[in-house]
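Each remark here refers to the structure printed beneath this line.
The values are calculated or read from the model by the stated rules, or taken from the named source; none is laboratory data. Predicted, not measured: the structure shown is a model, and the values here were computed from it. Cβ sites come from the backbone with ideal geometry, for glycine too, and all protein chains shown count toward neighbours. The accessibility values were calculated without ligands, DNA or RNA, using every heavy atom of the protein model including side chains. Shrake-Rupley method; radii C 1.70, N 1.55, O 1.52, S 1.80 Å.
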Amino acid sequence: AKNPDLILFEDFAIPPGEIDGQRGALGFGDHRWMASQKHTQIVKDVEVDSGGRLLVRGRQGAEPNMLNRLSIEMENPLPNDFYLLLSGRYDGFDDDDFFGIWVDSMQRQDSSHSYAPNLGIREGRFFARIGLEDTAIGPSASDGETFTLLMKVERHVETGTATVKLWHEDFTGEPVSEVTAPCRWMEKEFRFLGIRMGIATDITDKLIVSRLAVGTTLDAVLSQP
């Protein structure tokens, strides 16, 4: 039976190749994703396991600044408190590279989604943020290093603030970083999740995602559904 605390789970265990159909495609698993077909594909990493990997490429030449490579509309809005877990690695990493997994109330491809919760790498370090000004800074990132990041988002409706907590690799203890601040999205419903690559990335850069999970409990996002 499906875990009711698990909102979204993807391990990309589908046949390798290009992602079919930019709109209305089945995408991965049972989920309907919108994807930039040129810059996203499914690959296998047989040295590690038999599962699939999502490969997301960096910026190509004169592309626009807003490189939203992938997004999905979830069945229901996210609750006030939720966890987002990401496992992957970044090949071709430089300190000016950026990627963020965002959750937002809209799916616009020409938006930075920077005033909504994000989890990823920025200025050489792992980060989670409430918005552009309020960021929880984690450890340094390295080229080719496998990582698992966990973000918890909490809305405090009574005070009009939000808290974002960041864990790296070890999820049993205290977060490596957290931030609490007033937020612009207190009244918004987060229905969308996406991945954006930064303007300083290169086409040879590869963000390789092996697992993505959103849930209402820590156990839900850490377990296999």
Inset, instruction - Give the residues of region 104-119 that are on the phi > 0 side of the Ramachandran plot and modelled with pLDDT of 95 or more, sorted by residue number. - result: none
Inset, instruction - Identify the residue in region 122-136 that is assigned to a strand (DSSP E or B) and among the charged types (D, E, K, R) and, among all such residues, is farthest from the chain's Cα centre (by Cα). - result: Asp134
Inset, instruction - For residues that are out of contact with any Lys or Arg (no Cβ under 7 Å at 6 or more places or on another chain) and buried (at least 22 other Cβ atoms within 10 Å of the Cβ), tally how many sit in region 55-68. - result: 1
Legend entry - Scan of region 137-166 for residues that are among the charged types (D, E, K, R), part of a loop (DSSP other than H, G, I, E, B) and either touching a residue at least 12 places away in the same chain (Cβ under 8 Å) or surrounded by 21 or more Cβ atoms within 10 Å (Cβ to Cβ) (or both), ordered by number: Asp143, Glu145
Inset, instruction - Kindly indicate the residue of region 174-185 that is over 18 Å from Ser114 (Cα atoms) and open to solvent by 40 Å² or more (accessible area, probe 1.4 Å) and also farthest from the chain's Cα centre (by Cα) among those meeting that condition. - result: Glu174
Inset, instruction - Just give me the residues in region 69-103 being at pLDDT 95 or above, touching a Lys or Arg at 6+ places or on another chain (Cβ under 8 Å) and charged (D, E, K, R), in sequence order. - result: Asp81, Asp91
Legend entry - Leu84, sole failed condition from (1) part of a strand (DSSP E or B); (2) over 13 Å from the mean Cα position of the chain (by Cα); (3) not polar (S, T, N, Q): (2)
Inset, instruction - Those residues that are crowded, with 18+ Cβ neighbours inside 10 Å and touching a Pro at 6+ places or on another chain (Cβ under 8 Å), I need them from region 186-215; list them, please. - result: Phe190
Legend entry - Any pair with Cβ under 8 angstrom, 6 or more apart, that starts in region 58-76 at a residue that is more than 14 Å from Ser112 (Cβ to Cβ) and among the charged types (D, E, K, R) and ends at one that is open to solvent by 10 Å² or more (accessible area, probe 1.4 Å) and at pLDDT below 90: Glu73/Arg32; Glu73/Gln107
Inset, instruction - Quickly run through region 167-185 and pick out the residues that are under 16 Å from Glu133 (Cα atoms) and in a loop (DSSP other than H, G, I, E, B). - result: Cys183, Arg184, Trp185
Legend entry - Checking Ile42 against (1) at pLDDT 85 or above; (2) in a strand (DSSP E or B), the condition it does not meet: (1)
